[in-house]
Amino acid sequence: MAKKTRLIFLGPPGAGKGTQAQVIAELWSIPHISTGEILRAAIKVETDLGKQAKSFVDQGELVPDHLILDLIKERLGKSDVQNGWILDGFPRNVEQARFLDQLLTEISQSCDYAVNFEVPEPELITRMLGRGRKDDNEETISNRLKVYLEQTAPVIDYYRQQGILKSIDGNCEQEQVTIAVQQVVSNQGDN
Ligand code: AMP
């Protein structure tokens with residue numbers, strides 16, 4: 001795809017955002033920006049960010065906004081974002097979404113679509129338990145789902161009101177979901 005595409009991937013933990021972001025970013029040669037991945041890498045090598053974020057990630061809580069907002073500002077300041085990007089796991093609350101709008105205005109960019117992956121909760125739990133990440137144990141999973149409903153789900157309405165929300169069925173084969181994302185993004189104006 002030659003066009004510059006800028007997408008936000010939304011959806012509950014375990015919905016397949018990360019997997020789809022990786023596949024699509026590779027297909028379109030654009031960066032996949034996952035705040036969760038950045039945090040896990042920082043925790044692994046014990047940077048200041050990693051040390052401050054660790055207990056939040058381990059418990060399935062959101063890392064405080066001030067840590068995340070600096071991180072995303074720095075990432076979107078890099079030159080590789082000029083051809084497009086996929087944001088995966090950010091924004092995670094309405095404050096982060098507002099900050100992103102302001103930041104994009106400052107750097108003269110705009111998001112094309114917020115793509116919301118819909119997957120029923122029992123399937124989310126099965127997927128997360130099968131993933132084996134440190135924060136994929138039963139207790140943390142249930143907290144992440146709670147945090148999602150309370151803090152992240154309102155972001156869906158935020159983008160619906162902006163008219164850029166596209167919801168897709170994430171409860172099917174990985175390849176089918178990838179096709180659905182590509183269709184949604186190329187059928188511009190079809191809401
Ligand atoms: P993810 O890989 O997107 O599931 O994120 C894993 C964990 O990283 C989350 O449970 C949060 O603790 C933290 N995290 C990732 N992105 C954000 C964000 N945008 N704001 C706050 N915390 C985040």
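Okay, here's what the table says:
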| quantity | calculated |
| --- | --- |
| Residues (surrounded by 11 or more Cβ atoms within 10 Å (Cβ to Cβ) and either more than 10 Å from the ligand (Cβ to nearest atom) or within 16 Å of the chain's Cα centre (by Cα) (or both)) located in the stretch 39-54 | 39, 40, 41, 42, 47, 49, 50, 51, 52 |
| Scope the stretch 130-148; condition among the small types (Gly, Ala, Ser) and either in contact with a helix residue (DSSP H, G or I) (Cβ under 6 Å, 6 or more places away or on another chain) or not in a helix (DSSP H, G or I) (or both); matching residues | 130, 132 |
| The listed residue being more than 10 Å from the ligand (Cβ to nearest atom), within 18 Å of residue 32 (Cβ to Cβ) and of a type in the set (Gly, Ala, Ser), out of 132, 84 | 84 |
| From the options 68, 24, 72, 30, residue that is among the hydrophobic types (A, V, I, L, M, F, W, C), crowded, with 19+ Cβ neighbours inside 10 Å, assigned to a helix (DSSP H, G or I) and more than 13 Å from the ligand (Cβ to nearest atom) | 24 |
| Selection count where residues are touching a Cys at 6+ places or on another chain (Cβ under 9 Å) and of a type in the set (A, V, I, L, M), scope the stretch 2-34 | 2 |
| Any hit, the stretch 96-103, residues being within 14 Å of the ligand (Cβ to nearest atom), in a strand (DSSP E or B) and surrounded by 21 or more Cβ atoms within 10 Å (Cβ to Cβ) | no |
| From the options 138, 150, 121, residue that is exposed (fewer than 15 other Cβ atoms within 10 Å of the Cβ) and within 17 Å of the chain's Cα centre (by Cα) | 150 |
| Residue list for the stretch 116-129, filter: under 15 Å from residue 170 (Cα atoms) and either assigned to a helix (DSSP H, G or I) or more than 15 Å from the ligand (Cβ to nearest atom) (or both) | 118, 120, 121, 122, 123, 124, 125, 126, 127, 128 |
| Meets criteria (part of a loop (DSSP other than H, G, I, E, B), modelled with pLDDT of 95 or more, in contact with a helix residue (DSSP H, G or I) (Cβ under 8 Å, 6 or more places away or on another chain) and within 14 Å of the ligand (Cβ to nearest atom)) for residue 57 | no |
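One line per residue, one yes/no per condition, for (1) under 28 Å from residue 179 (Cβ atoms); (2) in contact with an Asp or Glu (Cβ under 9 Å, 6 or more places away or on another chain):
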site	(1), (2)
19	yes, no
28	yes, no
49	no, yes
64	no, no
71	no, no
83	yes, no
89	yes, yes
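The values are calculated or read from the model by the stated rules, or taken from the named source; none is laboratory data. Just so you know, these numbers come straight off a predicted model, no measurement behind them. Every residue, glycine among them, receives a Cβ derived from its backbone with ideal geometry; neighbour counts consider all protein chains shown.
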